[in-house]
Amino acid sequence: MPLASRAAPEPADCRTDCPSAQTVQLVEALRRPLPAATGYTEVRFVQMLDEPLVLHGDLTYSSADALGKSVVNPYEETTTIADGQVEIRRPGKPVKRFSLKRAPALAGFLESFSATLAGDAQRLARSYVLSSEGGPDGQWQLRLMPRDAALAKHVTRVTVSGAKTTPLCFEIEEAGGDSSILLVDRLASRPLPAAPQRAELQQLCQHSS
């Protein structure tokens, strides 16, 4: 069935810029059964640092509002998000707990990551303006632009890249100029240069079929 042959259902509160039929079908094809887990490599580009920060670890996704993220290298840290609360544990350090509302960028990532893996285009479209290129039969990109002004003050765009029905990269651009690229699934173990460049990672994400 051609991607554009089916009408796109409008999210309950989608007033303008509703996703196209192609985008809806792409998102629906990405659904993963729960619980889901994947290794990851995250590269953070922080303006205050001379070189990007490269983290390795595991992600666990157990429900629409629950996510676990463990860093195993270059340090150890476990972040758990559940019921609107965040808990961060590091060996030898006091446990940190705070409301997810205090971390808009983290909340935006949770929403984009969980709704994408749930294949829920309507949920994504409540928080983001969606557009896409390609489809689940090959290489594709899904772009998410925040609808909410408060979130847009922290996150300007999320780009999800993948091949066929597998998400491989989540790129988050922050309003202050920092950004991060999360490599998952088969790209999580891909060897990277000592100081990977953003453009190189974007090419990897876009040409990894």
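Select from the stretch 169-202 the residues that are touching a residue at least 24 places away in the same chain (Cβ under 8 Å) and among the basic types (K, R) and write down the one among them that is farthest from R157 (Cα to Cα). Residue satisfying both the conditions and the ranking: R190. Of all the criteria given as (1) among the aliphatic types (A, V, I, L, M); (2) surrounded by fewer than 16 Cβ atoms within 10 Å (Cβ to Cβ); (3) touching a Phe, Trp or Tyr at 6+ places or on another chain (Cβ under 7 Å), the one not satisfied by A150 is (3).
Quick one: is V155 modelled with pLDDT of 95 or more, closer than 25 Å to P104 by Cβ, of a type in the set (V, I, T) and under 14 Å from the mean Cα position of the chain (by Cα)? Answer is no for this residue. Taken over the stretch 171-191, residues that are surrounded by 17 or more Cβ atoms within 10 Å (Cβ to Cβ), in contact with a Ser or Thr (Cβ under 7 Å, 6 or more places away or on another chain) and of a type outside the set (D, E, K, R) amount to 5.
For the stretch 154-182, the set of residues classified as more than 17 Å from M48 (Cα to Cα) and small (G, A, S) consists of S161, G162, A163, listed by residue number.
The values are calculated or read from the model by the stated rules, or taken from the named source; none is laboratory data. Because the structure is a prediction, the values reported are computed rather than measured. Cβ atoms come from the backbone with ideal geometry, glycine included; neighbour counts cover every protein chain shown.
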